[in-house]
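Undergrad: Attaching a single structure in structure tokens format; questions to follow.
A short reminder: the numbers here are calculations on the coordinates, not readings from a lab. No experiment lies behind these values; they were computed from the predicted model shown. Using ideal geometry, Cβ is built from the backbone for each residue, glycine included, and neighbour counts are taken over all protein chains shown.
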Amino acid sequence: MKAKDYINALRVYEPGRPIDEVARELGFPDMAEIIKVASNENELGPSPMAVEAMRAAIPEMHRYPDGGAFHLKHKLAAFLDVDPTQILFGCGSNELIVFLSHVFLGKGTNIVMGTEAFAVYFLAAAMYEADVVRVPMPGHLHDLDAMLAAISPKTRLVAVCNPNNPTGTAVEPAALDDFIERLPGHVVAIIDEAYFEVMPEALKPNVLRHVREGRENVIVLRTFSKAYGLAGLRIGYGIGHAGLIGLLNKVRQPFNVSAMAQVAAMAALDDTTHLVETREMVAEGLAFFERELPRIGVQTVPSAANFILCRTGRGREVFAELQKRKVIVRPMDPYGLPDHIRITLGTPEQNRRVVDALRDVLP
């Protein structure tokens, strides 16, 4: 079997470990005792209104989905105050990153991104044999001026994850506006806002303003996975100029978003109670960890997302020891942060268990 040489060189993305996998490996008979705070999921669960809508939709699951997601697209467009032609859905926002790479990247081109930014951007660029220009992130924060300086005639995409995964940091809204205004016309800026709904209000940018004003080379990525609790359904979306969305539609498979995901997303948009409760859980969890972790010698990075990056030392070893105590977190050595782990902000009970387990593990 002879694969393309550059495919052989690709590395596989390491996701957070599933609960049942850890239970099998370590011989835990009761999976309910294990907590997974590794993948930035919503620990309140899915939107109850989405669950109700999905139950009602079960009898129609023998039908193919609406490939254009007409009803969801129009509802979301009204919600965001954009035109429906400016929205594209994907199997998670990850698929949209692949679409963008497919359309714009290839040999002799590059993408500019932070050294500690979301790994899928690197992997998607490698799929299309493009180069990746990695810009250092002092203080674990995107250096927007340095990213602009790194752009060359070969650059086609620049990615700013805001808040950034896995660091949780967010740039100042005014700085992001300035970055977009100074962006060369031959480069598309991907502003990845997967955690937008749980951001502190003071840090929330208004990037959609640039889309509404007709900026052709900006796309905003968001998702129903995090705040809305629909990660298992895999549905995300991009908002950009109609011309840019039209290009991405050319490489989209006809039925890339399931009918169940579309039904759930429409209902989740109406579930303001669940969204408010999620924001409260995140804020309370962040305050708890910022207070308790330093007490056991763990340094934290200021977060604007639903997770917190922590310096524990021996990150992979701490990750393994926590699993033995039925707590799954995320090791950060794949991001060049071998002394760190990442913890999802969960329920009060989950958060206490994480701190208690860390206290037991750390010297």
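Undergrad: What does the extension gain come out to for GLU349 and ASP270, with contour length at 0.36 nm per residue minus their alpha carbon separation?
TA: Here the answer is 25.7 nm.
Undergrad: About its Cα centre, how strong a charge dipole does the stretch 28-112 have in debye, to the nearest 20, once Lys and Arg get +1 and Asp and Glu get -1 at the Cβ?
TA: 340
Undergrad: I've got another one for you. Note down the magnitude of the dipole of the chain about its Cα centre, charges +1 on Lys and Arg C-beta and -1 on Asp and Glu C-beta and zero elsewhere, to the nearest 20 debye. Please report the intermediate quantities before stating the final value.
TA: Values: 38 positive and 44 negative charges, 178 e Å.
For the chain, the charge dipole is close to 860 debye.
Undergrad: So what's Rg/Rh here for the stretch 48-270, counting alpha carbon atoms and using the Kirkwood radius for Rh?
TA: 0.96
Undergrad: Under 22 Å Cα-Cα from LYS250, which lysines qualify once same-chain neighbours fewer than 8 residues away are excluded?
TA: Within the straight-line limit of under 22 Å, LYS250 reaches these lysines: LYS73, LYS107.
Undergrad: Calculate the spin-label point distance for LEU362 paired with ILE296, positioning each point 7 Å from the Cα along the beta-carbon direction, and give it in nanometres.
TA: It is 0.7 nm.
Undergrad: For the residue pair PHE70 and PHE255, what label-to-label distance in nm results when each label sits 7 Å from Cα along the Cα-to-beta-carbon direction?
TA: About 1.7 nm separates the two model spin labels.
Undergrad: Given 0.36 nm per residue, what is the gain on full extension from ALA202 to LYS2 after removing their alpha carbon distance, in nm?
TA: 66.7 nm
Undergrad: Now for a different question. Putting +1 on Lys and Arg Cβ atoms and -1 on Asp and Glu Cβ atoms, find which of ILE190, GLY27, GLY285 reaches farthest to the positive end of the dipole of the chain.
TA: GLY27
Undergrad: Less than 22 Å apart at the alpha-carbon level, and either on another chain or at least 8 residues along: which lysines does that give for LYS204?
TA: Hits, sequence-local ones excluded: LYS226.
Undergrad: For an R0 of 30 angstrom, estimate the FRET efficiency from the Cβ-Cβ distance between ALA283 and ALA174 and round to the nearest 0.05.
TA: Here the calculated transfer efficiency is 0.80.
Undergrad: Toward the positive end of the charge dipole of the stretch 150-273, about the Cα centre and with charges on Cβ (Lys, Arg +1; Asp, Glu -1), which of GLY246, PRO166, PHE179 goes farthest?
TA: Farthest towards the positive end: GLY246.
Undergrad: Here's another thing I want to ask about it. Quick one: the Cα spread of the stretch 177-297 along its three principal axes, in angstroms, biggest first?
TA: Taking the Cα atoms of the stretch 177-297, the three principal extents are 50, 40, 26 Å.
Undergrad: In addition: Full-extension gain between ASP83 and GLU213, please, as 0.36 nm times their residue separation minus the C-alpha to C-alpha distance.
TA: That pair, ASP83 and GLU213, stretches by 45.6 nm at full extension.
Undergrad: At q = 0.23 Å⁻¹, what base-10 log of I(q)/I(0) does the Debye formula yield for the stretch 93-184 when every alpha carbon is treated as an equal point scatterer in vacuo?
TA: Debye output, listed in q order: -1.22.
Undergrad: Gap in Å between the Cα centre of the stretch 332-348 and the Cα centre of the stretch 118-133?
TA: Centre-to-centre (Cα) distance: 22 Å.
Undergrad: I've got another one for you. Averaging sequence separations of C-alpha pairs under 8 Å and six or more residues apart, then dividing by the length of the chain, give the relative contact order as a whole percent.
TA: Details: 690 pairs, mean separation 83.1, N = 363.
That works out to 23 percent.
Undergrad: Remind me, relative contact order of the stretch 251-363 in percent, using alpha carbon pairs under 8 angstrom and six or more residues apart?
TA: It comes to 23 percent, rounded to a whole number.
Undergrad: Nearest 5 percent is fine: what portion of the DSSP beta bridges confined to the chain is antiparallel?
TA: 50
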